[in-house]
């Protein structure tokens, strides 16, 4: 009898130990975010207040975030940042879950124009909380280009051969090229004929390119080394970093237009720490922390009015795509072609 009892206790203890070893820490938070969205200046105070362990993975593209989320159904991620054009894709792949904004005491501080976005809602539920917005503008080095450009066409000027940058990100690159070329019926769903015309546009630009960049830091370093003077980039972040280095870089949305984007916090469908995830979102949209983010990386925040941006009216705002898979496939072909310049 005693032997049987000991055996049962041993098995129970083993199962308990196994369960504890495999369980996720209840106060750990895994973030998959773009550069600058989780800085020590507001992460450390959050850790101090909550006692949480915050694990941060910085992504360089929208595809990287989606692929990491899709690999395991979002189980390795609690929170991510995505723009408005991607919500339909994430929702259809069941990678995100609804957010109850009534649990966010600071949601009242989110600017009214961002509080009821239909593009982030499905079946009457909200799946995103706005965090930061910005543009994909034309940047230029004012020490080299003295007059303010008014067209993307300046990237094709032979004077800047080998010193042009564009983003290694399919949607931003393709839509910007479409705006420059003009005459496209639908910027969010290209036809076969559209892709062919766009490929010709990239082929014509290839001799001008210094490289493709994945973030503002790469671009700023190239400008600082006099290897780049003009191009497209994550603009407000680039300008902020450039100013910190004493560089004279400016931005504009040209007459043809440019992309405007709005990034949102989303809660992964695979999160095991939903309550902590909501605490993090509430922490980030608090006015003072929102301003810290904006001051650090230059993007306007969703909880404070933007100052000093006079080109937003020329933006086209990101929408859900109907050709995303084809877009990424075609971009790989275009990059291969441009590498043979």
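Bear in mind that the values in this text are calculations on the coordinates, not laboratory data. All figures in this text were calculated on a predicted structure; none of them were measured in a lab. Here the Cβ positions follow ideal geometry from the backbone for every residue, glycine too, while neighbour counts run over all protein chains shown.
Brief remarks on what is shown
- If the chain linking residue 75 and residue 329 were pulled fully straight, counting 0.36 nm for each residue of separation and taking away their Cα-Cα distance, it would gain 88.8 nm.
- Sorting the segments 244-253, 262-271 by their residues' average number of neighbouring beta-carbon atoms within 10 angstrom, most packed first, yields 262-271, 244-253.
- Each residue of region 145-225 gets 103 Å³ once the volume of the Cα convex hull is shared out per residue.
- Efficiency of FRET between residue 100 and residue 67 - r from beta-carbon atoms, R0 25 angstrom, step 0.05: 0.35
- Applying 1/(1 + (r/R0)^6) with R0 = 25 Å to the Cβ-Cβ distance of residue 248 and residue 295 gives a FRET efficiency near 0.80.
- Computed lengthening from residue 161 to residue 48, 0.36 nm per intervening residue step minus Cα-Cα distance: 35.6 nm
- Prolate/oblate/rounded label for region 189-306 (Cα gyration tensor, a/c 1.5): oblate
- Highest mean packing comes first when the peptides 110-122, 223-235 are listed by Cβ atoms within 10 Å, giving 223-235, 110-122.
- Between the Cα long axis of helix 235-244 and the first principal axis of the chain there is an angle of about 90°, rounded to the nearest 10.
- Helix axis angle, 62-71 relative to the chain longest principal axis, alpha carbon, degrees: 30
- Folded to 0 to 90 degrees: helix 274-285 orientation relative to the chain principal axis, Cα: 40
- Gain upon complete extension [residue 93, residue 337; 0.36 nm per residue less C-alpha separation]: 84.7 nm
- The alpha-carbon atoms of the chain, seen along their principal axes, cover 91, 42, 42 angstrom, with the largest extent given first.
- Region 61-155: equivalent-ellipsoid semi-axes (sqrt of 5 x gyration tensor eigenvalues, Cα, Å): 33, 19, 12
- Each DSSP beta bridge with both residues in the chain is either parallel or antiparallel, and the antiparallel ones are about 55%.
- Spin-label model distance (nm) - residue 193 vs residue 221, 7 Å beyond Cα toward Cβ: 4.4
- If R0 is taken as 35 Å, the Cβ-Cβ distance between residue 147 and residue 40 corresponds to a FRET efficiency of 0.30.
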